[in-house]
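Taking it in order: structure first as structure tokens, then the write-up.
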Amino acid sequence: MILDIDKILDGVLSKFKTRDPFEIADMAGILVFFEELGALRGYYNAPYGVKMIHINSDLPRIRQRLVCAHEIAHSFMHPELNVSFMTKNTFMQPGKYERQANIFASKLLLPDEKLAEFYGYTAKEIACITGLPKEAIEIRTVV
């Protein structure tokens, strides 16, 4: 199954009328928790149908925003996916799903029209200006 990330993102934007991942989570009824997660940045789960995003409380706010956007992507694109189970108990690799969530998050936080304003800039320069990590910019330049 090939996901149309742009179509899913357009649906989210049309429904919630915001690009703020915390507002989207709130309006979508997704509980957001800030916790000490060690090296883990965050994760999404839905025990008993209750959607939850867990974000590392030690991250800077701009990174928490990106993590929230990434986990929101999982809630809309991969709601039944359990990456921990997949990694530990199967031969499936979660990389494809993580990449899809990264693309969604980057497009949510840096729309095409805003990215176009930075034509000629390097990913590092755009990252410095926007506060997004360079990797979030780079994934947009190859999509």
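Observations on the model:
- Single residue of the range 12-38 satisfying the filter (of a type in the set (G, A, S) and closer than 16 Å to H70 by Cβ) that is least open to solvent (accessible area, probe 1.4 Å): A25
- Matching residues, the range 120-143, being exposed (fewer than 15 other Cβ atoms within 10 Å of the Cβ), of a type in the set (S, T, N, Q) and modelled with pLDDT of 90 or more: T122
- Each residue in the range 98-119 was checked for being open to solvent by 70 Å² or more (accessible area, probe 1.4 Å) and either touching a residue at least 60 places away in the same chain (Cβ under 8 Å) or assigned to a loop (DSSP other than H, G, I, E, B) (or both), and 2 pass.
- Restricting the range 107-143 to residues that are polar (S, T, N, Q) and more than 16 Å from R63 (Cα to Cα), the residue that is farthest from the chain's Cα centre (by Cα): T122
Residue-by-condition table, conditions (1) of a type in the set (S, T, Y); (2) at pLDDT below 85:
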| residue | (1), (2) |
| --- | --- |
| Y43 | yes, no |
| K51 | no, no |
| V67 | no, no |
| F91 | no, yes |
| Q100 | no, no |
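The values are calculated or read from the model by the stated rules, or taken from the named source; none is laboratory data. The structure displayed is predicted, hence computed values, not measured ones. A quick note on method: Cβ atoms are made from the backbone with ideal geometry, for glycine too, and the neighbour counts reach across all protein chains shown. Heavy atoms of the whole protein, side chains included, go into the accessibility calculation; ligands, DNA and RNA do not. Shrake-Rupley method; radii C 1.70, N 1.55, O 1.52, S 1.80 Å.
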